[in-house]
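Read-outs throughout are calculated quantities, based only on the coordinates presented, and are distinct from any laboratory measurement. Please read all numbers here as calculations on a predicted model, not as lab measurements. A quick note on method: Cβ atoms are made from the backbone with ideal geometry, for glycine too, and the neighbour counts reach across all protein chains shown.
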Amino acid sequence: MAQLSGKHVLLTGASRGVGPVIAEALARRGAHIALAARSEEGLRNVSKALSEFGVRTIVVPVDLAQAAQRQGLVSSVLEQFGSIDILIDETIEVNLVAPMALTYLVLPHMLRQKTGHIVNMASMGAKSGGPYGATYCGTKAGLAEWTRGLRLELADTGVHFSTIFPGYITQAGMFARFGMTPPLMVGSCTPSQVAQAVVDAIARQRLEVIVNSPPLRWVFVLNEVAPSLGDWLMRRSGAVDFQRRKVGL
């Protein structure tokens, strides 16, 4: 089992939603964390909350849509921490390009030190595309398959890859703001469950983790074997109507 204590983590999307919960889960295990997001105020609030755990945190406001700022982020963290052992991409606004770019910026460093772990946050939508979220699901699916390709390519380098597939996340983000509850058959997960999945993926070097209750892996298998039946289940579960309401239609 890999140890997190003393490791240096670069966590994007750290100012809100699931990000602060993941940061706390890492800090509880002794990891030092570079907190990155657009909101400097939000990052400083998270950094202050983590001070009780006795770990080092640094705050790096950044717009990951800007290539120069991505490069600056990695350079700043390496300068202050000396190394990046773990990269966790929890980017919402830039689902595919930013994680790819950050990975390629961090990879040379990890390959030189012959150790590292990259955790990319996908979505259950990457396993089964959802209506009224086709672009989002497409980017998450692309991220998941790209991560798998790199995982196989770099299997003997000491750099590990994990992909997290959360379902609808309650208690944070959009659902918390609008008080929306996913259909029972579709299920959901909490920010703490996602954070625990991230920590577990690093500690146990797990390749993929689906975070949802109820577990829906069987639905994904069925969707691959019989797509028309998978679409029927999507409609019967209430997921289509839920997605329609989510976008205000």
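Test of understanding: ordering Met234, Met124, Met180 by Cβ neighbours within 10 Å, fewest first, what list do you get? Before the final figure, lay out each step's value.
Working: Met234 19, Met124 23, Met180 13.
If I rank by nearby Cβ atoms, fewest first, I get Met180, Met234, Met124.
Most mobile of Glu24, Glu40, Glu52 per a Gaussian network model of the chain (Cα springs, under 10 Å)?
Among Glu24, Glu40, Glu52, the largest GNM mean-square fluctuation belongs to Glu52.
Please give the helix 67-81 orientation as an angle from the longest Cα principal axis of the chain, in degrees from 0 to 90, rounded to the nearest 10.
50 degrees
Taking the beta-carbon count within 10 Å as an exposure proxy, list Thr181, Thr115, Thr12, Thr157 from fewest neighbours to most. Walk me through the numbers on the way to the answer.
Details: Thr181 10, Thr115 16, Thr12 26, Thr157 13.
Exposure proxy ranking, most exposed first: Thr181, Thr157, Thr115, Thr12.
What list do you get for Val97, Val59 if you sort them by fewest beta carbons within 10 Å? Walk me through the numbers before you get to the answer.
Details: Val97 16, Val59 20.
Listing Val97, Val59 from fewest to most nearby Cβ atoms yields Val97, Val59.
Scattering from the C-alpha atoms of region 50-100 alone, worked out with Debye: what is log10 I(q)/I(0) at q = 0.23, 0.28, 0.29 1/Å?
For region 50-100, the Cα-only Debye profile gives -0.99, -1.22, -1.25.
For the chain, what is the calculated [θ] at 222 nm in deg cm²/dmol (nearest 500), taking -39500 (n - 2.57) for each run of four or more DSSP H residues and dividing by its residue count?
Details: 10 runs with 120 residues, N = 249.
Computed ellipticity for the chain at 222 nm equals -15000 deg cm²/dmol.
Given an 8 Å cut-off on Cα distances and at least 6 residues of separation, report the relative contact order of the chain as a percent. Present the calculation step by step, with values, prior to reporting the outcome.
Working: 451 pairs, mean separation 44.4, N = 249.
Dividing the mean separation by the residue count of the chain yields 18 percent.
Rank Tyr136, Tyr168, Tyr104 by mean-square fluctuation in a GNM of the chain with C-alpha springs under 10 angstrom and give only the top-ranked residue.
In the Gaussian network model the winner is Tyr104.
Tell me which GluC sites (Glu not before Pro) from region 87-192 have a DSSP coil assignment and no more than 14 other beta carbons within 10 Å of their own.
Working: sites: Glu90, Glu93, Glu145, Glu153; in loops: Glu90, Glu93.
Filter output for region 87-192: Glu93.
Provide the per-residue ³J(HN,Hα) series for region 133-148, in order, calculated from phi with Karplus coefficients 6.51, -1.76, 1.60 and θ = phi - 60°, each as a whole number of Hz, with x at glycine and proline positions.
Residue by residue, region 133-148 yields x, 4, 5, 4, 4, x, 5, 5, 5, x, 4, 5, 6, 5, 4, 5 Hz.
May I ask for the angle, rounded to the nearest 10°, between helix 19-28 and the longest principal axis of the chain, with both axes built from Cα atoms and the value confined to 0 to 90°?
Between helix and principal axis, roughly 50 degrees.
Which value, in nm² and rounded to one decimal, describes the direction-averaged projected area of the C-alpha convex hull of region 35-121? Write out the running numbers ahead of the final one.
Working: hull surface 22.7 nm².
Mean projected area for region 35-121: 5.7 nm², to one decimal.
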